[in-house]
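Note sheet for the following structure.
The values are calculated or read from the model by the stated rules, or taken from the named source; none is laboratory data. From a predicted model like this one, the values you see are computed outputs, not experimental measurements. Glycine also receives a Cβ, built like all others from the backbone with ideal geometry; neighbour counts cover every protein chain displayed.
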Amino acid sequence: MFELTGIERRYADDVVVSVPAWRAEAGEQWLLAGASGSGKSTILHILAGLTRPTTGRVIVDDTDLGTLRASALDRWRGRTIGFVPQRLHLVAALDVRDNLRLAQAFADATHDDARIRALLEALQIGDLARRFPRELSHGQAQRVAVARAVVNRPRLLLADEPTASLDDAHAVMALELLRTQAIGVGATLVVASHDARVRVALPRTYQLQLNAAPTEAAA
């Protein structure tokens with residue numbers, strides 16, 4: 001589903017992240033692990049086409065991201081990638097439904113309100129469609145962010161530290177939500193985290209080391 005080869009991201013003369021090789025198949029679920037500062041968020045951004053590596057090749061869903069111009073990359077991202085950032089970045093001026101409509105627009109897709117209603121109902125937040133982000137609890141906002149990430153049925157679902165600041169019960173719920181939605185749309189799932197609770201929940205791990213070559217492990 002994706003393959004990273006010879007990836008380095010440098011700032012000035014410093015290599016901040018290095019991935020010699022990493023391949024994931026369709027439908028697999030991965031933990032991208034590493035200490036703070038090891039480059040987890042950078043790798044997620046590279047997979048999403050938000051950041052270009054200094055060197056190396058990125059292929060996602062049979063597309064070589066290095067061959068795409070910015071406008072084509074934006075359209076590709078809207079159709080292919082679902083992203084749940086650590087800071088959820090819901091648009092404050094839009095209600096829940098329109099936040100999801102905006103995600104559809106970014107993918108050059110027509111508004112599909114039936115899809116939005118069904119997804120919100122499946123996530124048990126169907127009654128929140130007309131609420132604004134400021135009116136949501138953290139857990140509700142996180143579900144909306146997951147809904148936004150999967151509304152276009154992405155091929156690759158990425159989540160950055162989704163259990164940060166959550167207690168054990170809510171961490172389990174957040175991870176199960178991501179796993180269930182990834183399965184529901186047939187997406188490959190990559191969760192970036194240094195949380196040991198995530199390692200228990202996901203079957204495969206790619207470990208980043210600070211200023212060192214990463215290692216791969218599979219259960």
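Step by step: first the residues of region 9-29, then only those that are surrounded by fewer than 20 Cβ atoms within 10 Å (Cβ to Cβ) and in contact (Cβ under 8 Å) with a residue 60 or more places away in the chain, then the one that is nearest to Ile183 (Cα to Cα). Which residue is that?
Top of the filtered list is Gly27.
Checking the condition hydroxyl-bearing (Ser, Thr, Tyr), under 21 Å from Ala201 (Cβ atoms) and in contact with a strand residue (DSSP E or B) (Cβ under 6 Å, 6 or more places away or on another chain), which residue from Ser41, Ser18 passes?
After applying the criteria, what remains is Ser41.
For region 102-121, state whether one or more residues are in contact (Cβ under 8 Å) with a residue 60 or more places away in the chain, under 30 Å from Glu8 (Cβ atoms) and surrounded by fewer than 17 Cβ atoms within 10 Å (Cβ to Cβ).
There is no residue in region 102-121 that is in contact (Cβ under 8 Å) with a residue 60 or more places away in the chain, under 30 Å from Glu8 (Cβ atoms) and surrounded by fewer than 17 Cβ atoms within 10 Å (Cβ to Cβ).
Out of all the residues in region 112-137, which are within 14 Å of Leu94 (Cβ to Cβ) and among the acidic types (Asp, Glu)?
Passing the criteria: only Glu135.
Only residues that are part of a loop (DSSP other than H, G, I, E, B) and surrounded by fewer than 16 Cβ atoms within 10 Å (Cβ to Cβ): list them for region 69-85, please.
Of the residues in region 69-85, the ones part of a loop (DSSP other than H, G, I, E, B) are 69, 85.
Listed by number, the list holds a single entry, Arg69.
Tell me, which residue of region 94-108 that is under 18 Å from the mean Cα position of the chain (by Cα) and outside any loop (DSSP other than H, G, I, E, B) is modelled with the lowest pLDDT?
Among them, the one singled out is Phe106.
Do you know which residues across region 172-198 are within 20 Å of Ser36 (Cβ to Cβ) and buried (at least 16 other Cβ atoms within 10 Å of the Cβ)?
Answer for region 172-198, where residues must be within 20 Å of Ser36 (Cβ to Cβ) and buried (at least 16 other Cβ atoms within 10 Å of the Cβ): Ala174, Leu175, Val190, Val191, Ala192, Ser193, His194, Asp195, Val198.
Identify all residues within region 39-81 that are in contact with a helix residue (DSSP H, G or I) (Cβ under 7 Å, 6 or more places away or on another chain), within 16 Å of Val190 (Cβ to Cβ) and small (Gly, Ala, Ser); write none if there are none.
Ala48, Gly49
Does region 56-68 hold any residues that are outside any strand (DSSP E or B) and either crowded, with 18+ Cβ neighbours inside 10 Å or not acidic (Asp, Glu) (or both), and which are they? Steps first, please.
From region 56-68, those outside any strand (DSSP E or B) are 61-62, 65-68; that's our starting set.
Of everything in region 56-68, those that are outside any strand (DSSP E or B) and either crowded, with 18+ Cβ neighbours inside 10 Å or not acidic (Asp, Glu) (or both) turn out to be Leu65, Gly66, Thr67, Leu68.
Taking into account only those residues within region 40-55 that are assigned to a helix (DSSP H, G or I) and of a type outside the set (D, E, K, R), which is surrounded by the most Cβ atoms within 10 Å (Cβ to Cβ)?
Among those residues, the one meeting the criterion is Ile43.
Among Val172, Val190, Val151, Val200, which is the only one that is in contact with a strand residue (DSSP E or B) (Cβ under 7 Å, 6 or more places away or on another chain) and not small (Gly, Ala, Ser)?
Sole residue among the options that is in contact with a strand residue (DSSP E or B) (Cβ under 7 Å, 6 or more places away or on another chain) and not small (Gly, Ala, Ser): Val190.
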